[in-house]
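Novice: Pasting a structure below so you can have a look.
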Amino acid sequence: MKSRVRSEETRSTLRFLKNSDHEHSAALFDIALMRAGLSAQEVWYCGDSFKNDVFGAHGAGIFPVLYDRAGACEETPATLGFEFLRVSDRRALIGALKGQNG
């Protein structure tokens with residue numbers, strides 16, 4: 001029962017993060033990690049907002065992935081001083097994840 005409650009709390013927290021209209025902050029990422037029982041090094045975070053998602057994840061020590069379907073983002077890891085992955089579709093993200101785990 002404990003595990004089921006924890007799982008539901010985690011889903012609720014992650015749903016909040018996904019649906020939040022507010023700028024993501026490291027504190028929100030930290031709460032989600034704590035509730036999921038994961039460390040930042042175990043997680044990649046994919047979002048479509050460079051400012052909120054990439055910087056928010058990076059600020060929490062999570063590897064950021066930018067979903068950039070239009071290819072509009074001109075930033076690179078070299079210009080920012082930290083690594084992130086840019087993907088344009090779900091297949092590219094899945095391929096990157098398989099490469100990371102494989």
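Every number here is computed from the coordinates shown, using simple stated rules; none is lab data. Owing to the predicted nature of the structure, the values given are computational and were not obtained by experimental measurement. Methodologically, a virtual Cβ is constructed for each residue, glycine included, from the backbone with ideal geometry; neighbour enumeration extends over all protein chains shown.
Novice: Given points 7 Å out from each Cα along the Cα-Cβ axis, report the residue 70 to residue 96 separation in nanometres with one decimal.
Specialist: In this crude label model, residue 70 to residue 96 measures out at 1.9 nm.
Novice: Sorting check: for 41-48, 29-36, 91-98, which peptide has the highest mean count of neighbouring beta carbons within 10 Å, and how do the rest follow?
Specialist: Result, highest mean first: 29-36, 41-48, 91-98.
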